[in-house]
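Structure record follows, encoded as structure tokens.
The values are calculated or read from the model by the stated rules, or taken from the named source; none is laboratory data. Worth saying up front: this structure is predicted, and the values here are computed from it rather than measured. Note that we place each Cβ from the backbone using ideal geometry, even for glycine, and neighbour counts take in every protein chain shown.
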Amino acid sequence: MQYPIKILEQVQRVDLEIGAIEGEGASVRSAIEVVEAALKSGEEALAALEAELESINNQRREITAHLEETNAKIAKATARIGEVKNDRELKALTREKSQGAKTSKNIEFELSGVQSRLDEKQTEADEKSGEVEEKKGELERLTSDLDAGKDSRESAVAEKSKQREELAADIPAGLLKKYETLRSNRGGRAVVLVKGEACQGCFIHVPPQLYVQLSRGEDELISCPHCHRILYVEDQPAPV
Ligand SMILES: [Zn+2]
């Protein structure tokens, strides 16, 4: 009996096509995972920035309140200067006013520092927020790509699986099993052509004796001595 290697090669072709179709879905899914991870870390960074912004804002509120309090004290001292009765009082109020002015100046300096930190963080948060929005859009696009292609991929796989089943029906169970094992061990390619006397699976030359056997189309299953893939030649007689 001659092994139906050519049919097995067709089975392999269909299997590779199925693998490619499934691979398309898988690659979109892995792209989605990458974007999801980026989105998650972006959202975390944004939340951290927002917490920082809140704490700086609180700080600014406190400093502003302190400034207002100080300025009110200055205004009060200024008003009282007009009503002083003696020199001692005038001196005390004048000192109070000038100390208040000094404090006020320091607070204003502190406030401007806080404000610039706030502006800086706000810019950072705005940028991060833009990135997060961008990732959300990307995720939406990829998800819709995945959904859109799903039906057509599923029907293509169903069609190819039927084709494969029909082809595989003509292959002895033992050979099919050998093919399956080889296929999973050899990256999907179990049946390979010998071209220029070299195995097209591992590209190592096959021994001349083996090549002669292959060319004669002998009733024997011939495997590559190096990679163990099932070999065939282009001009092998049609399987019986
Ligand atoms: Zn080989």
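Of the residues examined, K73 is one that is in a helix (DSSP H, G or I), touching a Gly at 6+ places or on another chain (Cβ under 8 Å) and surrounded by 16 or more Cβ atoms within 10 Å (Cβ to Cβ). Scan the stretch 141-167 for residues that are over 38 Å from the mean Cα position of the chain (by Cα) and closer than 16 Å to V191 by Cβ and the total you get is 1. Scanning the stretch 71-114 for residues that are in contact with a helix residue (DSSP H, G or I) (Cβ under 7 Å, 6 or more places away or on another chain) and closer than 30 Å to E50 by Cα yields S104, I107, E108, E110, L111, V114.
If you check T78 against the conditions, is it touching a Gly at 6+ places or on another chain (Cβ under 7 Å), in the same structural domain as R117 (by TED's automatic domain parsing), free of Cβ contacts under 8 Å to residues at least 40 places away in the same chain and part of a helix (DSSP H, G or I)?
So T78 fails the test.
For R186, the conditions (1) of a type in the set (D, E, K, R); (2) modelled with pLDDT under 95; (3) surrounded by fewer than 16 Cβ atoms within 10 Å (Cβ to Cβ) are fulfilled apart from (3). Being more than 16 Å from the ligand (Cβ to nearest atom) and surrounded by 13 or more Cβ atoms within 10 Å (Cβ to Cβ) holds for only one residue in G149, G201, and it is G149.
V192 meets each of the listed conditions (1) in contact with a Cys (Cβ under 8 Å, 6 or more places away or on another chain); (2) more than 10 Å from the ligand (Cβ to nearest atom) apart from (2). The set of residues in the stretch 211-234 that are over 18 Å from P4 (Cβ atoms) and either within 11 Å of the ligand (Cβ to nearest atom) or in contact with a helix residue (DSSP H, G or I) (Cβ under 6 Å, 6 or more places away or on another chain) (or both) comprises C224, P225, H226, C227, H228. Checked against (1) in contact with a strand residue (DSSP E or B) (Cβ under 7 Å, 6 or more places away or on another chain); (2) not in a loop (DSSP other than H, G, I, E, B), H226 passes all but condition (2).
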